[in-house]
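**Q** Handing you this structure, nothing more for now.
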Amino acid sequence: MPPRGPAPSALIEQWAAANPKIKRVWLCGSPAGSDRGADGFIEVALELQPVADSEESSALWLANCEKWRIELEARTGQPIDLHWLDPDEAPTAIQSGSDELSALIYERAG
């Protein structure tokens, strides 16, 4: 059996660590033990580093989301469904145990 490469979640974590605009990364809606959602895509939610206000966060997301999706697809070799996680909504989704946020896979220190 040929050696297996890193799991997609590890590759996404490495990507996030190299991108200072990313604060947290969540895998979304995937069954336990799987990196893929029911639709075959790796579903990922990004929480961005705080900026002055939510409008700036939104602009940062809009300016980069497609580029980030392409980078993640190139890194993992798999289709990515990328979402922005608004930090104002994140605590509610996390506390509710939402299926949308299955696993925190990266959090920037500090």
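**Q** Modelling each spin label as a point 7 Å along the Cα-to-Cβ direction, I'd like the residue 58/residue 104 distance in nm, to one decimal.
**A** Inter-label distance under the simple model: 2.6 nm.
**Q** Apply the Karplus parameterisation 6.51 cos²θ - 1.76 cosθ + 1.60, with θ equal to phi minus 60°, to every residue of region 4-15 and state each ³J(HN,Hα) to the nearest whole Hz, in sequence, with x for glycine and proline.
**A** Per-residue couplings from phi come out as 8, x, x, 4, x, 4, 5, 5, 5, 4, 4, 4 Hz.
**Q** Let me ask you something else. For the peptides 103-109, 79-85, what is the packing order when you average, over each peptide's residues, the other Cβ atoms within 10 Å and list the highest mean first?
**A** Ranked from most to least packed, the peptides come out as 79-85, 103-109.
**Q** Ok, one more. How do 44, 51 rank when sorted from fewest to most other Cβ atoms within 10 Å of their own Cβ?
**A** If I rank by nearby Cβ atoms, fewest first, I get 51, 44.
Just so you know, all these numbers are worked out from the coordinates, no wet-lab data involved. Remember, predicted model here, so these are calculated numbers, not experimental data. Cβ coordinates were reconstructed from backbone atoms using ideal geometry, including for glycine residues, and neighbour counts include every protein chain displayed.
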